[in-house]
Every structure is written in C-alpha cells, then in structure tokens.
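S.K.: Supplied in structure tokens, the structure appears directly below.
The values are calculated or read from the model by the stated rules, or taken from the named source; none is laboratory data. Here the structure is a predicted model, which means the values were calculated and not measured. We place every Cβ from the backbone using ideal geometry, glycine too, and count neighbours over all the protein chains shown.
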Amino acid sequence: MNYKSIILSLSLLLFSVAVFAQEKKGNLEIVKSPMIDLLQERRVYFENNPVEVRPVDKENGTRSTVLGFRVQIYSGSSRNEAYATQARFQKQYKDIATYVSYTQPNYRVKVGDFRSRSEAQAFMREVKNDYPMVFLFTEQVYVYY
C-alpha cells in the first residue's frame, strides 16, 4: 500500500468522524413520578418536626428482629480482652446491649441495636475516642414493640 492511499484513507476516516460528531440540538423531556415530590415534602416536614421517641418497655414489649446496624468496638484474638472491653462498655453505657462473638481466630464485641445507619454512625462518633477501632456492621438486630 502506498502513502497516497494511506493518507486518503485517514482523510476519509477523519472526515466521517467530524461529520458524525456534529452537535445535534433537540428537546429534553423529564418524566418523573409525582411520588418524588411527595417524598421530598415529607422529608422536609419530618426534618422540621422530629418524631418524639418513646422509651421502650423491654420487659412487657414483644421482641423481634429486623435488619439493622451494630457497632463493633473490639476485634482480636484475646478472649480476656474481649470480655474486658465488653465490661468496660457496659459500665459506660448501661442501656445499650453488647454482644460477644467468636469466629476463628477472632473475638468481636459489637454493641447496640440500631434501626438506622445514621443513628449507628452518630453513636460511632460518640464512642470513637474511647474505642478507636470502631466499625459498622449490617445485621439482624433486636427491636421491641
């Protein structure tokens, strides 16, 4: 193949790219569900009017499980350290449940039964100074009705 045919082929290729790459003008139509506006209005309403949180009666309530969040405050191979961490946490936060689990080779101490991620993250920020290795897990948590 000679240089003239290569140059001619490249010229045709560039010309065709330039022709197809021209800007096209048109109309854009946005179609959305009316539920989006309703959800946005509700979110603004609930941000301005927070729901009153009632204390839960764990003794007389019904316990169930839902998908929620727990905060891990310890993970390591020492059983004694895991239970010591659990005891120290229970002294600081008497009303928050703690759970120790063992998956070889590590013990894990997780705390709380949080229904929302934001609630769990706020608690993580609160305990991060005392428990620097905090981590958030999604799992089945206990709730009372």
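S.K.: Would you be able to say whether some residue in region 34-52 is surrounded by 10 or more Cβ atoms within 10 Å (Cβ to Cβ), β-branched (Val, Ile, Thr), modelled with pLDDT under 75 and in a loop (DSSP other than H, G, I, E, B)?
M.R.: No - not one qualifying residue is present in region 34-52.
S.K.: Taking only pairs six or more apart or across chains, which ones have beta-carbon atoms under 8 Å, a first residue in region 94-106 that is under 22 Å from residue 144 (Cβ atoms), and a second residue that is of a type in the set (A, V, I, L, M, F, W, C) and in a strand (DSSP E or B)?
M.R.: Filtered contacts from region 94-106: 96/111; 97/111; 98/109; 98/111; 99/109; 99/111; 100/109.
S.K.: What are the residues in region 55-95 that are among the polar types (S, T, N, Q), surrounded by 12 or more Cβ atoms within 10 Å (Cβ to Cβ) and not in a strand (DSSP E or B), if any?
M.R.: 78, 85, 86, 90
S.K.: Out of curiosity, is residue 85 in contact (Cβ under 8 Å) with a residue 60 or more places away in the chain and out of contact with any Lys or Arg (no Cβ under 6 Å at 6 or more places or on another chain)?
M.R.: On the way: in contact (Cβ under 8 Å) with a residue 60 or more places away in the chain: no; out of contact with any Lys or Arg (no Cβ under 6 Å at 6 or more places or on another chain): yes.
Answer is no for this residue.
S.K.: While we're looking at this one, here's another question. Tally the residues that are surrounded by 14 or more Cβ atoms within 10 Å (Cβ to Cβ) and either part of a strand (DSSP E or B) or among the hydrophobic types (A, V, I, L, M, F, W, C) (or both), restricting the search to region 107-125.
M.R.: So the answer is 11.
S.K.: Scan region 116-123 and give yes if some residue there is under 26 Å from residue 78 (Cβ atoms), in contact with a helix residue (DSSP H, G or I) (Cβ under 9 Å, 6 or more places away or on another chain) and of a type in the set (Gly, Ala, Ser), otherwise no.
M.R.: no
S.K.: For residues in region 107-127 being touching a Ser or Thr at 6+ places or on another chain (Cβ under 9 Å) and either β-branched (Val, Ile, Thr) or free of Cβ contacts under 8 Å to residues at least 12 places away in the same chain (or both), which is farthest from residue 69 (Cα to Cα)?
M.R.: Residue satisfying both the conditions and the ranking: 109.
S.K.: Quick one: what pairs do we get from region 128-144, first residue in contact (Cβ under 8 Å) with a residue 12 or more places away in the chain, second assigned to a loop (DSSP other than H, G, I, E, B), C-beta under 6 Å, 6+ apart or different chains?
M.R.: So the pair list comes out as 134/128; 144/56; 144/58; 144/61.
S.K.: What's the total number of residues in region 94-137 that are touching a strand residue (DSSP E or B) at 6+ places or on another chain (Cβ under 9 Å), hydroxyl-bearing (Ser, Thr, Tyr) and at pLDDT below 95?
M.R.: Qualifying residue count, region 94-137: 2.
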